[in-house]
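S.K.: Next up is a structure, given as structure tokens.
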Amino acid sequence: MNPKRAVAKGYDHIAEELLEYQHRLPPYGRKRDYLERMTEGLPRGARVLDLGCGPGLQSAWLAERFRVTGVDFSRAQLALARARSPAATFLLADMCSLQFRPGSFDAIAAIYSIIHVPREEHERLLRSLRTFLKPGGRLFAVLGAQAWEGTEDNWLDLGAEMYWSHFDAETGLALLRGAGFTIAHSAIEADSLQDGGGHLFVIAEKVA
């Protein structure tokens, strides 16, 4: 199995159904608090990267004030995102293969997206994200709280196979520090899509 292809195929398959599922949940949940913390003090028009943007729910909120670039490798999810935020820029790409100039972004959001990347690629990815940020830029990342790698055949009962790969919270924080980030805030937050478990929510800063 090609895990990245499986994730893209799964999100393509359930794009509309997942969006309806998300609309039945409280809007943004705790994500809004972290998005506000990530963008605190940024001027209007600052550049923000939404990594694994999905249907563009947070992209739309961010695009009200900032220049947003959304990245996903699901064509169906990107179609929904483009319809919701026509002013934003959206790219079909593997986040691990992105090439932006150093200091391209004031902030980066990676919400429930890095956890779909094989964990042996996490360290290199985090180093790349730090490079993409301007000095003083912030990363809001949702990482694993428990170490786990595997698939679920019928995720959320929506009929798609899904793959995850992540470390425990302590290792995730260590990887961020090793990539050159300073941890401004971290906490284990409840899963926004299903009961039980949780994820590591982190605000990290590129100090220099």
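S.K.: In this structure, does residue 44 turn out to be charged (D, E, K, R) and free of Cβ contacts under 8 Å to residues at least 60 places away in the same chain? Please lay out each step first, then the result.
M.R.: On the way: charged (D, E, K, R): yes; free of Cβ contacts under 8 Å to residues at least 60 places away in the same chain: yes.
Here the answer is yes, as residue 44 does meet what is asked.
S.K.: Can you name the number of the only condition in (1) acidic (Asp, Glu); (2) touching a helix residue (DSSP H, G or I) at 6+ places or on another chain (Cβ under 8 Å); (3) within 22 Å of residue 181 (Cβ to Cβ) that residue 72 fails?
M.R.: So residue 72 meets the others, but not (3).
S.K.: Select, from 145, 169, 208, 179, the only residue that is farther than 16 Å from residue 113 by Cα and modelled with pLDDT of 95 or more.
M.R.: Exactly one residue qualifies, and that residue is 179.
S.K.: Being touching a Pro at 6+ places or on another chain (Cβ under 6 Å) and of a type outside the set (Ser, Thr, Tyr) is the requirement here; does residue 110 meet it?
M.R.: Considered against the rule, which asks whether it is touching a Pro at 6+ places or on another chain (Cβ under 6 Å) and of a type outside the set (Ser, Thr, Tyr), residue 110 comes out as no.
S.K.: Shifting gears a bit: Can you give me the ranges of the strands (runs of 3 or more DSSP E) entirely in segment 144-208 with at least 3 residues that are without any contact (Cβ under 8 Å) to a residue 24 or more places away in the chain?
M.R.: Numbers: elements: 148-152, 162-166, 182-190, 198-205.
Here the list reads 148-152, 182-190.
S.K.: Among (1) farther than 20 Å from residue 190 by Cα; (2) in a helix (DSSP H, G or I); (3) in contact (Cβ under 8 Å) with a residue 40 or more places away in the chain, which single condition is residue 18 missing?
M.R.: (1)
S.K.: Which of the residues spanning segment 7-33 are in contact with a strand residue (DSSP E or B) (Cβ under 6 Å, 6 or more places away or on another chain) and modelled with pLDDT of 95 or more?
M.R.: 7, 10
The values are calculated or read from the model by the stated rules, or taken from the named source; none is laboratory data. Here the structure is a predicted model, which is why all the values come from computation and not from measurement. Neighbour counts are summed over all protein chains in view; Cβ atoms, including those assigned to glycine, are modelled from backbone coordinates with ideal geometry.
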